[in-house]
Amino acid sequence: MNELLINQLLIACQIIPLLALVLIFLSSGNERKIAAISFGFSHLMGVSVIALLTLWARAGFPNYEFVWFNLLNKEGYEFPVIFYLDRVGAVYLFAIWTIFAIIVKYCRVYLHREAGYKRFFQTIFGFIFGLNLIVLAGSIDMLFAGWEIVGISSFLLIAYYRHRPQPVRNAFRAYTIYRFCDVGLLLGSLMSHKMFHQSPNFSSLSEMFAMHTLPPFSYFWLAIMSWLIILAASGKSAQFPFCFWLPRAMEGPTPSSAIFYGALSIHLGVFLLLRTEPIWGYRILPRVLLFCIGLLTVIIASISECAQSNIKGQIAYASIAQVGFMFMELSLGLNSLVLMHFISNAFLRCYQLLVSPSIIAHMLRVEGTMEADLNLMRHMQYLPLSIRATLPSVIQNSLYVFALEEGNLERLVRKILWDPLKSIGARINRVHFVLQIGLIVLLVTVVALLLKEDLFKNLAAGITSLLMVLMSLAAFGRKNSPIMVWNNVAMSSLLAAASVLIMNPSEPVRQDALLFLSGIVPAWLLGLFVLRIILKNIDFAANPFVYRAVAETRPRLALLLFLSFLGIIGFPITPAFIGVDLMLSHASHHHPWFALPIMIAFVVNGIAAARVFLKLCMGRPNEFSLRDESR
């Protein structure tokens, strides 16, 4: 009876936020109704969480696993919807509900008469749905689905003030880091399928490694998998070298900053490492790497915090530094200390961010009532000397410049990752040889299918995958034609399926390719239809850097474009989400390197499509958008 009730409560914790999101979306936009729905469902979720944790504690704090159903089950591949609850998940689940309930109560008044009141609560319930999916996930595949949902929710909340260009730019900046670091988790999931011949359950990982049931050749791949997991955790938790995006993410509303980047979202990298410790903790090298990342983050964040001119930026860097300490604690095997540290830091940062507007208002009132001839230096002499004040002036100045530049990490990441891709994309768009390459691929494919020789198949598949990457880079480097970008992204996805089919044209692979394309093609066609309507009277190439504010002037079209954007990037609302995993699995079956170009295209396509959505839908209605609407 207890097991049945625990199972039902696990499902309830996952379904309640999703149901609230749907009800708010279908509501008329009345603030009282939205506040009532948010208040009721946050408390209903609280009852479910408390009841679940109580029953779990009475059962003796077990590592509890529950398989709800199989989303896909075929030969060589299985995607079970499986929930898992242990002490790590219990701590995170309790913190999630407590902080979420506080934020909901706070926002019902704080966002009164905000134009985006309904949009905020929709997004925050979507975030909680993704967060619960991560915390209660029983496999890496389910965790990745929640990971993607949390990433899109963050993207939308950073750009909440869509009338201002800076929040929109910062949302895009954060999304690029999310998208790049998602590669680590996706490839980690792929490698887990290859190593364990299934999607491994978290409950079985510890037993598998404790019993030493892995074959000797698996240890090399475990090392690669460990590095990928650490990459994903570092990006999500804003650790070295990705420290720069979190302070810029504070452009969103204060409550979203509190729940996302101060309390919960920033600690997801720590959760991922705790959940996958049997994988990366088996050797000393990943632990040393993790310790070094945490140490460098603490040093850079602590110095950068001193030069921040706003209170939210200071809190952001303080939170980054504390997560850096957690990385170091994890590398030393202090898991219980990490959980205590997480709880303390999450509630502290949430409190600091929620009271920060009051602190600023209080300081302004104090400043306004101070006498004009007040000698501040007379009071400053009673303040203690900081460590940096005792250093020589040359070192002080150097540290100050280093702090202002935030360690030049953003410039470093841009130079290494994005500038080369932009340069290649721009060159591709300047020349016109894509058609010739396409004809070559077609001829080689025909020859390969006729001769059915492995050499020709490999050559044809390699050329097709190269063309797929070129299409993605062309989309990434093109800024003056949203329709061309959209077509390039879609063609890249089609070529990904074609390259896998050329390598292995068997019936199961064809079915998996159709599953993948059943999510990509409808999203492509829907997006193309919406783009043609939006751009019908717009000369986009004349002003490609102006935000067109379609979300304000034509909100229904903006919604359709957003849904097509989610579909074309393989978001977990379409079959393309599972299809991407299947394509990668088939691509790496014959040659492990074959999955790499598909992963590059996956990352670049998402960034290019996100830029199209932001450029067209965000911004304030101006002379360009109003003139376009009047035509």
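The table for this structure:
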{"item": "Top-ranked residue of segment 313-342 - restricted to ones that are of a type in the set (Phe, Trp, Tyr) and open to solvent by less than 30 Å² (accessible area, probe 1.4 Å), ranked as nearest to Leu246 (Cα to Cα)", "result": "Tyr317"}
{"item": "Residue selected from segment 52-61 under the condition in a helix (DSSP H, G or I) and not polar (S, T, N, Q), by the criterion surrounded by the fewest Cβ atoms within 10 Å (Cβ to Cβ)", "result": "Arg58"}
{"item": "Test result for Ile533, over 28 Å from Ala460 (Cα atoms), among the β-branched types (Val, Ile, Thr) and at pLDDT 90 or above", "result": "yes"}
{"item": "Odd one out for His193 among (1) modelled with pLDDT under 90; (2) open to solvent by less than 10 Å² (accessible area, probe 1.4 Å)", "result": "(2)"}
{"item": "Val521 in a loop (DSSP other than H, G, I, E, B), of a type in the set (A, V, I, L, M) and open to solvent by 10 Å² or more (accessible area, probe 1.4 Å)", "result": "no"}
{"item": "Of residues in segment 463-511 being without any contact (Cβ under 8 Å) to a residue 24 or more places away in the chain and assigned to a helix (DSSP H, G or I), the one least open to solvent (accessible area, probe 1.4 Å)", "result": "Leu501"}
{"item": "Sole residue being modelled with pLDDT of 80 or more, of a type in the set (A, V, I, L, M, F, W, C) and part of a helix (DSSP H, G or I), chosen from Phe180, Phe220", "result": "Phe180"}
{"item": "Failed item in (1) in contact with a helix residue (DSSP H, G or I) (Cβ under 8 Å, 6 or more places away or on another chain); (2) in a helix (DSSP H, G or I), with Gln166 passing the rest", "result": "(1)"}
{"item": "Check on Ile284, open to solvent by 10 Å² or more (accessible area, probe 1.4 Å) and free of Cβ contacts under 8 Å to residues at least 12 places away in the same chain", "result": "yes"}
{"item": "Output for segment 530-547, where each listed residue is in a loop (DSSP other than H, G, I, E, B) and not aliphatic (A, V, I, L, M)", "result": "Lys536, Asn537, Asp539, Asn543, Pro544, Phe545, Tyr547"}
{"item": "Near pairs, Cβ below 8 angstrom, 6+ apart or cross-chain, from segment 530-550 (farther than 15 Å from Phe562 by Cα) to any residue that is of a type in the set (Gly, Ala, Ser)", "result": "Phe540/Ser481; Ala541/Ser481; Val546/Gly619; Tyr547/Gly619"}
{"item": "Looking only at segment 62-98, and only at residues there that are hydroxyl-bearing (Ser, Thr, Tyr) and assigned to a helix (DSSP H, G or I), the one that is surrounded by the fewest Cβ atoms within 10 Å (Cβ to Cβ)", "result": "Thr98"}
{"item": "Cross-chain or 6+ apart pairs with Cβ under 8 Å, segment 96-123 first and closer than 20 Å to Tyr161 by Cβ and modelled with pLDDT of 90 or more, then open to solvent by 40 Å² or more (accessible area, probe 1.4 Å) and outside any helix (DSSP H, G or I)", "result": "Phe120/Glu114"}
{"item": "Filter result for Ser358 (open to solvent by 40 Å² or more (accessible area, probe 1.4 Å), modelled with pLDDT of 70 or more and under 27 Å from Arg108 (Cβ atoms))", "result": "yes"}
{"item": "All positions within segment 110-131 that are in contact with a Phe, Trp or Tyr (Cβ under 9 Å, 6 or more places away or on another chain), open to solvent by less than 10 Å² (accessible area, probe 1.4 Å) and part of a helix (DSSP H, G or I)", "result": "Phe120, Ile124, Phe125, Phe127, Ile128, Gly130, Leu131"}
{"item": "Given (1) assigned to a helix (DSSP H, G or I); (2) within 21 Å of Ile607 (Cβ to Cβ); (3) in contact with a Phe, Trp or Tyr (Cβ under 8 Å, 6 or more places away or on another chain), index of the condition Trp147 fails", "result": "(3)"}
{"item": "Residues (more than 24 Å from Arg87 (Cβ to Cβ) and touching a helix residue (DSSP H, G or I) at 6+ places or on another chain (Cβ under 8 Å)) located in segment 43-71", "result": "His43, Leu44, Leu71"}
{"item": "Number of positions in segment 8-51 that are open to solvent by 10 Å² or more (accessible area, probe 1.4 Å), among the hydroxyl-bearing types (Ser, Thr, Tyr) and either touching a Lys or Arg at 6+ places or on another chain (Cβ under 6 Å) or in contact (Cβ under 8 Å) with a residue 60 or more places away in the chain (or both)", "result": "1"}
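Residue-wise test of (1) touching a Ser or Thr at 6+ places or on another chain (Cβ under 9 Å); (2) farther than 23 Å from Ala171 by Cβ; (3) open to solvent by 10 Å² or more (accessible area, probe 1.4 Å).
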residue	(1), (2), (3)
Ala232	no, no, no
Ser237	yes, no, no
Ser265	yes, no, no
Pro278	yes, yes, yes
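Residue-by-condition table, conditions (1) within 30 Å of Pro508 (Cβ to Cβ); (2) surrounded by fewer than 24 Cβ atoms within 10 Å (Cβ to Cβ); (3) modelled with pLDDT of 90 or more:
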residue: Leu566; (1), (2), (3): yes, yes, yes
residue: His590; (1), (2), (3): yes, yes, no
residue: Ile607; (1), (2), (3): no, yes, yes
residue: Leu614; (1), (2), (3): no, yes, yes
residue: Arg631; (1), (2), (3): no, yes, no
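The values are calculated or read from the model by the stated rules, or taken from the named source; none is laboratory data. Remember, predicted model here, so these are calculated numbers, not experimental data. FYI the Cβ positions are ideal-geometry reconstructions off the backbone, even for glycines, and counts take in every protein chain you see. Just so you know, the surface numbers come from the protein's heavy atoms only, side chains and all, with ligands and any DNA or RNA stripped out. Shrake-Rupley method; radii C 1.70, N 1.55, O 1.52, S 1.80 Å.
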